[in-house]
1. So which residues in segment B:68-84 are exposed (fewer than 15 other Cβ atoms within 10 Å of the Cβ) and either more than 28 Å from A:K70 (Cβ to Cβ) or touching a residue at least 12 places away in the same chain (Cβ under 8 Å) (or both)?
2. In a helix (DSSP H, G or I) and either among the hydroxyl-bearing types (S, T, Y) or in contact with a Phe, Trp or Tyr (Cβ under 9 Å, 6 or more places away or on another chain) (or both): is that true of A:V64 in this structure?
3. Being facing chain B (nearest Cβ under 8 Å) and either of a type in the set (G, A, S) or without any contact (Cβ under 8 Å) to a residue 40 or more places away in the chain (or both) is true for just one of A:G12, A:G24. Which residue is that?
4. For segment B:152-181, enumerate the residues that are in contact (Cβ under 8 Å) with a residue 60 or more places away in the chain, surrounded by fewer than 20 Cβ atoms within 10 Å (Cβ to Cβ) and within 21 Å of B:C192 (Cβ to Cβ).
5. Give the residue, chosen from B:E115, B:E127, B:E140, B:E103, that is at negative phi, of a type outside the set (A, V, I, L, M) and more than 14 Å from chain A (Cβ to nearest Cβ).
6. What are the residues in segment B:143-156 that are more than 18 Å from B:E91 (Cα to Cα), in contact with a helix residue (DSSP H, G or I) (Cβ under 6 Å, 6 or more places away or on another chain) and either modelled with pLDDT of 90 or more or at the interface with chain A (Cβ under 9 Å from one of its Cβ atoms) (or both), if any?
7. Which residue, of A:V71, A:V59, A:V50, is outside any helix (DSSP H, G or I) and under 28 Å from B:G47 (Cα atoms)?
Amino acid sequence: MLTCKEVVRLLGSGEKFTLGRRAGLLMHLFMCKHCARYSRQLKILKQGLVVLFKSKTEVDPKVVKELEEKVIHTLCKKS
Amino acid sequence: MSTQKKPIIKSVSSLEADKPTVSTLRLSEPLVREYTAALFKGALGLGFLEQGARDLVQSVWVTFFEIQSKFEGRSHVRTFLFGILYNKAREKRREDKRLIPDEDIEQLVDSHFDERGRWRSPPLDPEKFLQAAQTMKLIEECLDGLPLAQRMAFCLREIDEHGTSDICKILDVTVTNLGVILFRAKARLRECIEHKVKDREDL
């Protein structure tokens, strides 16, 4: 049986688990309220970050276009 | 130095091939057009402001064409470019000395458990956690507390959904190391948010 400490490590590593490991993990999460909470927190965190990254990396196509031109210009000068 | 301008090679075929080889990777306008947006977003995701991100992308391309002979077609050109981006970002942004060291984060995580590996006290109620996580400013503050490698790994993995082997090449780490990096990144963020919520409650 996995301990809570081990479960927390496993959840954070993002590794692909073997079937047995996965079953053990799910079993633990099913029975342990605290680890289930932890797991839920990580999911919420991920969703929040996705939204944050999306808003941070929303770029105006015009700005990208300008940047491309500038890069090409610089590279032409260099070569 | 020659003053003669070389024409830009319009090698569209280099974009079609899965792994462009050195010969197809000359100064290629289509390549710049294909990857500049992604690199720019990557730089913004790493926390650079717009002007800084632009300069960073510019220097990535310059370096790319300087060292392209080292690109042996073993990885995808996108992976190669992001590797340069990561290294450039590291040069530009010296790590903030005030960041909490990794050992302290490991200790903090371990401190939640008793000697039998059970929780000493329950983690924060997910509802409260959710409310906090919806406050973008709060998440952003926590994100700024991540060392660059952890932030980069997180960006690539969770947002851009790069494959594990690509991320390992970009950061130049093993798969096991990447697991540790991701664990620490998540632990830092989670601890940070939980801490901020508890601080607020104490007010």
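1. First, the residues of segment B:68-84 that are exposed (fewer than 15 other Cβ atoms within 10 Å of the Cβ): B:69-70, B:72, B:74.
Matches in segment B:68-84: B:S69, B:E72, B:R74.
2. Values: in a helix (DSSP H, G or I): yes; either among the hydroxyl-bearing types (S, T, Y) or in contact with a Phe, Trp or Tyr (Cβ under 9 Å, 6 or more places away or on another chain) (or both): yes.
In short, yes.
3. Numbers: A:G24 fails: facing chain B (nearest Cβ under 8 Å).
So the residue among A:G12, A:G24 that is facing chain B (nearest Cβ under 8 Å) and either of a type in the set (G, A, S) or without any contact (Cβ under 8 Å) to a residue 40 or more places away in the chain (or both) is A:G12.
4. Result: B:I159, single match.
5. Details: B:E115 fails: more than 14 Å from chain A (Cβ to nearest Cβ); B:E127 fails: more than 14 Å from chain A (Cβ to nearest Cβ); B:E140 fails: more than 14 Å from chain A (Cβ to nearest Cβ).
None of the others qualify; the one that does is B:E103.
6. Hits for segment B:143-156 are B:F154, B:C155.
7. Working: A:V71 fails: outside any helix (DSSP H, G or I); A:V50 fails: outside any helix (DSSP H, G or I).
It is A:V59.
Yes/no per residue for (1) assigned to a helix (DSSP H, G or I); (2) out of contact with any Leu (no Cβ under 9 Å at 6 or more places or on another chain); (3) modelled with pLDDT of 50 or more:
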position	(1), (2), (3)
B:D18	no, yes, no
B:Y35	yes, no, yes
B:L39	yes, no, yes
B:A43	yes, no, yes
B:Q51	yes, yes, yes
B:D55	yes, yes, yes
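The values are calculated or read from the model by the stated rules, or taken from the named source; none is laboratory data. As the structure is a prediction and not an experimental result, all values here were calculated from the model. Reconstructed Cβ throughout: ideal geometry from the backbone, glycine too, with neighbour counts over all protein chains shown.
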